[in-house]
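To keep things clear, I will list the structure first and then write my remarks on it.
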Amino acid sequence: MIIFYSFLSYIIGIFSSQKIWLSSFFLLLILFIIFKYKKEKDKLKPTLFLICLFFTFGIIRPFLYLSGKEFNYDNLIGVVYKAENNYALIATLKGNYYIKESNLEVGDILSLSGKSELALFSHYENSFNFTSYLHHRFVDYKIEKPSINFLFKNPLRINSYKSYCLNFLKSEEKILASSILFGDSLSELSSYDSLSKLGINRIFSTSGIHLTFFIQIIKEKYQGKKYYITIQKLELLFCLIFYFLTGFKFCFLRLIVEILLSIYLNYKSIFINRLLFISSTALIILSLNPYYIFEPGFIYSYLILFFLLLIPKKKYSLKFIQTITKSIYSFIIVLPINAFYYYEINALSLIFSTIIIPLGIAELLLCLPLLVFPYYGLILKYPLKIIYKILTFIANFKLIINCGKPSIIFLIIFYSLLIIICLTSFLKAKKIFKVSIIFSLLFCSTLFIPKFSFNDQITFIDVGQGDSTLLTFDNKHYLFDTGGNLHIDLAKSCLIPYFKKNKIRELEAVFITHRDFDHYGALESLKTKFPIKNIYDNYQIENFNYGNLNITNLNKFQEGKDTNYDSGVYYIETPKKNILIMGDAPIEIETKIMKTYSDLNVDILKIGHHGSNTSSNFEFLKYINPKIAIISCGYKNYYGHPSESVIGNLNILKIPYKRTDQDFTIAYIL
């Protein structure tokens, strides 16, 4: 068990390097080990020494890499260790770097010249955090528009080979084949979101499920110890091929480590139980890269593997029943993780993720000939069209339960209760088992209870270059502007996921400051996809009262000059704090507001026009004198917002401020 305890210590160490309070679990582990080995002092000291060693290693391991730095490089030599369609990651003696470049392959050796800077990218609420993704691959800096010279060009061009294999497929059929053979995302499919929530998207992207199926067929055909090593070598060969084809997908790394460890243990005639074997493979993988612990692939696979070991085994005469039982257990085990990533659960996912597996395996069998005979695609497109139609049909089946995003504390309690249930079942402690089941059901039900808060809140949602502010008052929700992006449906990709994450099920009202696209562009999509009671434009609003909430449009000077001049300026009064949302109102409107209103008391100021120098002049900021100012703008936006003059005014007046391009979504309790 010492390996298992070392593994737990290492995991706690990794988490503690990110959140120091999690180190308290290491103290609990120490107390448990002291209690367990209090009568076996010969085992206690080495066990404590090892777990302290692995805990310390877990804390420092995430920082043991060359992070790169800001510098002007000339002829920096590096090797490509990850290559995608439009970018690559480069390892050099000066650190690891991101470069935006296509037509590179793993193994290419390059000479780079260019300026490096922090790897920051445009973002919005709920968008994929590419900066974090790179950091988890030991990359913190990027080289912008580098000059590239090839010192060595890897002759094995996977991207070229992929294009060659898929040459005779188009649209949806090409996406399906690329996913099942090369591990590419199905995200371009219109039904992708529904398939993800059903949990069947991974079945149509090559993974360990498919490899396990093939190996199982081989094992059944060639049973006996004399074939054991041969089968393991075949497993290793298949894994290495698909590990390379899929751009080093995690699931194949896990299988490769498992196979190599199994071969080693077999060679040394060492026997260890399944728990120690899984712990050893996880420890090896996390030693290679501790950030794998935050990868969904690691979380899903090892949670299921560990808890299936804890669940008492029952023998079934039919393999089908055994498969169904495992599927149910797996569904329960990953239930809160699905809620954590998607904020909702499709109750039908258990059914479809089980019955659809044969279709995914059939697709892989159908697509394999493409790897050697691309003309086969002319025939393959027909069965792939049928598979696509089946998936589209299945995606229409929804039984969605909104549960919000569970907290880390919830996850810890849930899995602690699950461990107690498994142990009491194994020990046949029926009374404790029944109490644990009832308590667990009651606890899990809290996920689906509508959110109730005693605190009111104002949230400045990160919508990139745009505005969107959410006010929660008396457990009702009011949205001021929706943001807008010509390339992304912000309602679907940003606003609605944020509402679901926070268990917001309807909006009492949406107030639009003016009809500039970056303020109202997502409205049409939002009102078709999410319940909204009332929608108000700036010209419809003078004064609104919702109990103790008062909303006044201070811009009564609308003359139709332009949309910015007519922009709504919303003064929001609550019993505790007042907020002023300036929209895009220019300096002329600010001047008129100062002359007209002499008693404005502003705690939180939403800076006008994203911090442009056409708004927020010195006299107006001095007159308002807010306790905090918020600037909503996109990272490295085209307009250069916020302007240096506005930032200078805020600094001179000593008004603290926050920016969504730097601080992401910003929330305050009122």
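The values are calculated or read from the model by the stated rules, or taken from the named source; none is laboratory data. Model, not experiment: these values are computed from the prediction. All accessible areas refer to the heavy atoms of the entire protein, side chains included, with ligands and DNA or RNA removed. Shrake-Rupley method; radii C 1.70, N 1.55, O 1.52, S 1.80 Å.
A compact table of results
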{"read-out": "Percent carbon-and-sulfur accessible area, the stretch 262-334, ignoring ligands, DNA and RNA, probe 1.4 Å", "value": "69 percent"}
{"read-out": "Rg over Rh [alpha-carbon atoms, Kirkwood Rh] for the stretch 445-600", "value": "0.97"}
{"read-out": "Rounded, prolate or oblate (a/c below 1.5 giving rounded, otherwise prolate when a/b exceeds b/c) for the stretch 488-550 by Cα gyration tensor", "value": "oblate"}
{"read-out": "Portion, in percent, of the accessible area of the stretch 598-638 that falls on carbon or sulfur, probe 1.4 Å", "value": "48 percent"}
{"read-out": "Isotropic mean projected area of the C-alpha convex hull, the stretch 258-359 (nm²)", "value": "8.6 nm²"}
{"read-out": "Contour minus Cα-Cα distance for N72 and N273 (0.36 nm per residue)", "value": "67.0 nm"}
{"read-out": "Shape category assigned to the stretch 384-522 from the gyration tensor of Cα positions, a/c cut at 1.5", "value": "oblate"}
{"read-out": "R515, R202, reordered so the largest accessible area comes first (probe 1.4 Å)", "value": "R202, R515"}
{"read-out": "Calculated over the stretch 86-218: convex hull of Cα atoms, volume per residue (Å³)", "value": "174 Å³"}
{"read-out": "Alpha carbon centroid spacing (whole Å) that separates the stretch 599-618 from the stretch 382-408", "value": "45 Å"}
{"read-out": "Average accessible surface area per residue within the stretch 440-517, 1.4 Å rolling probe, Å²", "value": "38 Å²"}
{"read-out": "Kyte-Doolittle mean at least -0.5, axial Cα span of 24 Å or more - DSSP H helices of the chain", "value": "2-18, 41-60, 228-245, 250-267, 319-342, 377-395, 408-426"}
{"read-out": "P(r) of the stretch 6-80 over all Cα-Cα pairs, binned every 10 Å from zero, in whole percent", "value": "18, 36, 19, 14, 8, 4, 0"}
{"read-out": "Expected 222 nm ellipticity per residue - DSSP helices of 4 or more, -39500 (n - 2.57), all of the chain, to 500", "value": "-14500 deg cm²/dmol"}
{"read-out": "Entries of K606/K654; K592/K654; K94/K142; K142/K636; K577/K627 with Cα pairs more than 20 Å apart", "value": "K592/K654"}
{"read-out": "D_trans [Stokes-Einstein, Kirkwood Rh over alpha-carbon pairs] for the stretch 560-670, 4 °C, 1.567 mPa s, µm² s⁻¹", "value": "91 µm²/s"}
{"read-out": "Exceeding the 26 Å Cα-Cα cut-off - candidates K398/K501; K501/K533; K428/K451; K19/K658", "value": "K428/K451"}
{"read-out": "1.4 Å probe accessible area per residue over the stretch 280-390, in Å²", "value": "49 Å²"}
{"read-out": "Where R137, R505 fall by accessible area, highest first, once all protein chains stay in place (1.4 Å)", "value": "R505, R137"}
{"read-out": "Anchor K170: lysines whose Cα lies under 18 Å away (excluding residues fewer than 8 positions away in-chain)", "value": "K162, K381, K385, K389"}
{"read-out": "Percent carbon-and-sulfur accessible area, the stretch 85-170, ignoring ligands, DNA and RNA, probe 1.4 Å", "value": "54 percent"}
{"read-out": "Equivalent ellipsoid, the chain (semi-axes from 5 times Cα gyration tensor eigenvalues, Å)", "value": "48, 31, 28"}
{"read-out": "Accessible area expressed per residue, the stretch 20-151, with surrounding protein chains retained (probe 1.4 Å, Å²)", "value": "58 Å²"}
